[in-house]
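Down below is the structure, laid out as structure tokens.
The values are calculated or read from the model by the stated rules, or taken from the named source; none is laboratory data. On a predicted model such as this, the values are computed, not experimentally measured, just so you know. Every residue, glycine among them, receives a Cβ derived from its backbone with ideal geometry; neighbour counts consider all protein chains shown.
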């Protein structure tokens, strides 16, 4: 409807051999995740970039009452790609963004490669509990409470010591409005996502990047099992990063994507 729109930034490749990296945010992210360091690094090498925000994220509006389910997000992405037509797209997804990227490709969106950053996880009681606990935290104390509780388990200690002063501030908790985009994405898209990907069918070059300091979503046995099912899987494990690699190790991530794109 007229109240619905997707904010995006599209820059075409400068090099004839260039790809376009299409960035898929996490639920609480936005284009800034990518545009701070990684987008500029890729463009310097002649590649294009397409960064966008899901409906409910910064500057991407939605009609009141619309359910922001996983399918809503995936269908929006497919529509955006059909309209923008990025050249030789490589999908790059962080966390659940990687799941949305994989689902978009499985539903027919064109891509020449896929980068999954801390995406591979098995659906089960633990993942559901974490998802429900995140929603409970924002119901009680907003995104600040969620971050104060979860950040020490999500990121490396170097990042924690550098940024600790921005967290655990007194009097900073207010419930998140249930009608807000942030709340709806966590409560609706987060809970309706189907993590049982048909990995065997994902027959395109796929780079799996894992931050070993992720103490919430990383399960080593699940990672080995799911990765082994990818027909064209390649893998990088970062010892010195956790879940939020674009913020923790942007240069290493940028280089990994550049090398992967060159190889495909």
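Yes or no: region 247-260 includes at least one residue that is touching a residue at least 24 places away in the same chain (Cβ under 8 Å), surrounded by 21 or more Cβ atoms within 10 Å (Cβ to Cβ), out of contact with any helix residue (DSSP H, G or I) (no Cβ under 8 Å at 6 or more places or on another chain) and in a helix (DSSP H, G or I). Looking for residues that are touching a residue at least 24 places away in the same chain (Cβ under 8 Å), surrounded by 21 or more Cβ atoms within 10 Å (Cβ to Cβ), out of contact with any helix residue (DSSP H, G or I) (no Cβ under 8 Å at 6 or more places or on another chain) and in a helix (DSSP H, G or I), one finds at least one in region 247-260, hence yes. Elements of the type helices (runs of 4 or more DSSP H) sitting completely within region 37-139 and holding at least 3 residues that are surrounded by 16 or more Cβ atoms within 10 Å (Cβ to Cβ) and within 16 Å of the chain's Cα centre (by Cα): these cover 70-84, 96-106.
Do you know which of the residues in region 194-212 that are free of Cβ contacts under 8 Å to residues at least 60 places away in the same chain and not in a loop (DSSP other than H, G, I, E, B) is surrounded by the fewest Cβ atoms within 10 Å (Cβ to Cβ)?
So, considering only residues that are free of Cβ contacts under 8 Å to residues at least 60 places away in the same chain and not in a loop (DSSP other than H, G, I, E, B), the one surrounded by the fewest Cβ atoms within 10 Å (Cβ to Cβ) is 200.
Scanning region 221-246 for residues that are over 24 Å from residue 162 (Cα atoms) and either modelled with pLDDT under 95 or in a helix (DSSP H, G or I) (or both) gives 221, 222, 223, 224, 225, 226, 227, 228.
With the structure loaded, tell me whether residue 84 is modelled with pLDDT of 95 or more and in contact with a helix residue (DSSP H, G or I) (Cβ under 7 Å, 6 or more places away or on another chain) or whether it fails that test. So residue 84 does not fit the description; no. Looking at the structure I just gave you, is residue 179 surrounded by fewer than 21 Cβ atoms within 10 Å (Cβ to Cβ), free of Cβ contacts under 8 Å to residues at least 60 places away in the same chain, under 28 Å from residue 136 (Cα atoms) and over 16 Å from the mean Cα position of the chain (by Cα)? Against the criterion (surrounded by fewer than 21 Cβ atoms within 10 Å (Cβ to Cβ), free of Cβ contacts under 8 Å to residues at least 60 places away in the same chain, under 28 Å from residue 136 (Cα atoms) and over 16 Å from the mean Cα position of the chain (by Cα)), residue 179 does not qualify.
Taking residues in region 62-80 that are on the phi < 0 side of the Ramachandran plot and modelled with pLDDT under 95, and partners anywhere that are exposed (fewer than 14 other Cβ atoms within 10 Å of the Cβ) and in a loop (DSSP other than H, G, I, E, B), the pairs with Cβ atoms closer than 8 Å and at least 6 places apart or on different chains are 64/3; 64/179. Can you tell which of 162, 189 is within 30 Å of residue 67 (Cβ to Cβ) and part of a helix (DSSP H, G or I)? 189 is the lone residue from the list that is within 30 Å of residue 67 (Cβ to Cβ) and part of a helix (DSSP H, G or I).
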